[in-house]
């Protein structure tokens, strides 16, 4: 049966590029003669029927904006059987025949739950953490890395001027992709990652070695959850006597205008999600591997083992000598 009305929902942590995905979904669908409905406030809005019709004008001038015009929220109610039943009922009452969900692991597991209940659903990976196992890149990651990299560059100027060591904490939950990419790109002397064991002795040895050759400043990047940035800074000061400062970048990494990479990725993934719905697909997620768009069964995609580029971590250690 041909679709006539589809929905788009953003959920979980916001990611730069979500608006570009919303725009792509709406305009690709409208181009093919479909009606498009935006679901506001994530799964909570889905349960309560917080729907907003989307037309060409309502998604204009948003491709460059961070965040999501549909807003996002956590929903404990959706985790229950009753909440999911209410969500399915709300979709049926609104005549929404297919739903595209953009978000991270929790959001895509929500898409998985809806697909199991018979909802025609396609997922799009949107997470600054880049921690989804089925895709090489997720929407928002490139922007978050560049935001962190810009901060590292600026902090290095201050570190150089004052001859200090800075410990910079970046986001990532249990995934070290942001720390690795920003740390390697920013020339950090040490990068602490959840995927790699680290030794405080090795960090101190690297700092001492740099000082012996006349280096008076250093940058240590810590992925959140790996270690306490404050504890690392205190240990550096107590063992080396070097003046050390801590900078926690926090949610500044989520905001801001998406990079060209994220705009292109979001536009392609959003359009592909619509094409999959039109082809009769359901319970699938869009991803990118080796530069090509792919789609996988959501059941299998979310259970894939997560890959991490340990060779890049090794390269970062080599280049920081």
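Taken together, the residues in the stretch 256-308 that are surrounded by 14 or more Cβ atoms within 10 Å (Cβ to Cβ), over 16 Å from the mean Cα position of the chain (by Cα) and part of a loop (DSSP other than H, G, I, E, B) amount to 3. On the stretch given as the stretch 24-60, residues that are farther than 22 Å from residue 106 by Cβ, in contact with a helix residue (DSSP H, G or I) (Cβ under 7 Å, 6 or more places away or on another chain) and part of a helix (DSSP H, G or I) total 3. Is one or more of the residues making up the stretch 229-248 more than 17 Å from residue 155 (Cα to Cα), outside any helix (DSSP H, G or I) and modelled with pLDDT of 95 or more? Within the stretch 229-248, none of the residues are more than 17 Å from residue 155 (Cα to Cα), outside any helix (DSSP H, G or I) and modelled with pLDDT of 95 or more. Only residues that are surrounded by 14 or more Cβ atoms within 10 Å (Cβ to Cβ) and closer than 26 Å to residue 100 by Cα: list them for the stretch 226-254, please. Listed by number, the residues that qualify are 253, 254. Between 168, 178, the distinction of being closer than 29 Å to residue 72 by Cα and under 13 Å from the mean Cα position of the chain (by Cα) belongs to 178 only.
Conditions tested, residue by residue: (1) in a loop (DSSP other than H, G, I, E, B); (2) assigned by TED's automatic domain parsing to the domain that holds residue 229; (3) in contact with a helix residue (DSSP H, G or I) (Cβ under 9 Å, 6 or more places away or on another chain); (4) over 21 Å from residue 10 (Cβ atoms).
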position: 99; (1), (2), (3), (4): no, no, yes, no
position: 107; (1), (2), (3), (4): no, no, yes, no
position: 110; (1), (2), (3), (4): no, no, yes, no
position: 114; (1), (2), (3), (4): no, no, yes, no
position: 119; (1), (2), (3), (4): yes, no, yes, no
position: 131; (1), (2), (3), (4): yes, no, yes, no
position: 148; (1), (2), (3), (4): no, yes, yes, yes
position: 156; (1), (2), (3), (4): no, yes, no, yes
position: 159; (1), (2), (3), (4): no, yes, no, yes
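Filtering 136, 84, 112 for residues that are under 21 Å from residue 261 (Cβ atoms) and surrounded by fewer than 24 Cβ atoms within 10 Å (Cβ to Cβ) leaves a single hit, 136.
Scoring residue 182 on the criteria (1) in contact with a helix residue (DSSP H, G or I) (Cβ under 8 Å, 6 or more places away or on another chain); (2) over 26 Å from residue 131 (Cα atoms); (3) in a helix (DSSP H, G or I) leaves a single failure, condition (2).
Test residue 203 against the criterion of being surrounded by 14 or more Cβ atoms within 10 Å (Cβ to Cβ), closer than 15 Å to residue 159 by Cα and under 29 Å from the mean Cα position of the chain (by Cα), and give yes or no.
Answer is no for this residue.
Please determine whether any residue of the stretch 6-26 is assigned by TED's automatic domain parsing to the domain that holds residue 73, more than 25 Å from the chain's Cα centre (by Cα) and touching a residue at least 60 places away in the same chain (Cβ under 8 Å). No, the stretch 6-26 contains no residue that is assigned by TED's automatic domain parsing to the domain that holds residue 73, more than 25 Å from the chain's Cα centre (by Cα) and touching a residue at least 60 places away in the same chain (Cβ under 8 Å). Taken over the stretch 13-59, the residue count meeting the criterion of being in contact with a strand residue (DSSP E or B) (Cβ under 7 Å, 6 or more places away or on another chain), crowded, with 24+ Cβ neighbours inside 10 Å and closer than 20 Å to residue 286 by Cα is 11.
The values are calculated or read from the model by the stated rules, or taken from the named source; none is laboratory data. Every value quoted in this text rests on a predicted model; they were computed, and no experiment measured them. Don't worry about glycine lacking a Cβ; one is built from the backbone with ideal geometry, like all the others, and counts go over all protein chains shown.
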